Amino acid sequence: MAEGQIILIIEDETPIRRFLKPALESHGFKVVEAVTAEEGLSLAASHQPAIILLDLGLPDMDGLEVLRRLREWTTIPIIVLTAREKEKDKIEGLDAGADDYLTKPFDIGELLARIRVALRHLQRVKQGDKDPLFETKDFEVNLASRTVKARGNEVHLTPHEYDLLVLLVRHAGKVVTQKQILKEIWGPGADDQTQYLRLYIHQLRQKLEPNPNRPHYFLTEPGVGYRLKYE
């Protein structure tokens, strides 16, 4: 998957770039580096990278503004690398167009896993989500027949449970914010209905997780939203 693909790193911290470049190159990626927002925006346009790794704390422009500018013209997956640990900052990054985020310091294995997920998601988007079957080793979702099976047995879901599951499937591997879920499932003005969202996530875990008390697939990103794990 990585052979020859370009990753653009927009990061002003030299130690971070020195850490990332050899690690990514050892996995077959070509790495292009930018130390300012303006340089990063220019390189994104000229090199058309497969992935952009974006630091939010840049010297010449806030990373959120860089995100917004990039999203005006490209769907290239963007993974935010940030030292900002507040939930508000993570939500703002996702709402501004980030596909994912990692809080510094982070493990290179985790970053590579997020990159693989982002690239698979982009490929599905380019294919128009033609494959109607989403499968894990414990459950499957057939979007064409609107059926769900867990460990070979068909599972009955309520309409809201199914709509929530489909939303998470279509964004598999990515964080979906509470705000986005509530808007798409319950409609505008449902921002205060988080208790219902927690209830339906709980119900999906009960019906689809092999061990609902230790979720493997339906993961909570505290204060931010939920992620359907996809490997």
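Select the helices (runs of 4 or more DSSP H) contained entirely in segment 113-231, then report the ones holding at least 2 residues which are more than 21 Å from the chain's Cα centre (by Cα) and surrounded by fewer than 14 Cβ atoms within 10 Å (Cβ to Cβ). Spell out how you get there, then give the answer.
Numbers: elements: 159-170, 178-186, 194-208.
By residue number, 194-208.
Is there a residue in segment 24-33 that is in the same structural domain as residue 122 (by TED's automatic domain parsing), aromatic (Phe, Trp, Tyr) and either within 23 Å of residue 109 (Cα to Cα) or modelled with pLDDT of 95 or more (or both)?
yes
Residue by residue through segment 93-112, note down the ones that are within 11 Å of the chain's Cα centre (by Cα), of a type in the set (D, E, K, R) and outside any loop (DSSP other than H, G, I, E, B).
Residue satisfying the conditions is 100 alone.
Just to be sure, is residue 87 acidic (Asp, Glu) and in contact with a Leu (Cβ under 7 Å, 6 or more places away or on another chain)?
When the stated conditions are applied, residue 87 does not pass them.
Filter segment 42-86 down to residues that are loosely packed, with under 14 Cβ neighbours inside 10 Å and assigned to a loop (DSSP other than H, G, I, E, B), then give me how many there are.
The number of residues fulfilling the criteria is 9.
Please specify each residue of segment 31-41 satisfying the condition of being surrounded by fewer than 22 Cβ atoms within 10 Å (Cβ to Cβ), of a type outside the set (Asp, Glu) and either in a strand (DSSP E or B) or touching a Ser or Thr at 6+ places or on another chain (Cβ under 9 Å) (or both).
31, 32, 35
The values are calculated or read from the model by the stated rules, or taken from the named source; none is laboratory data. All of these numbers come straight from a predicted model, not from anything done at the bench. Neighbour counts are summed over all protein chains in view; Cβ atoms, including those assigned to glycine, are modelled from backbone coordinates with ideal geometry.
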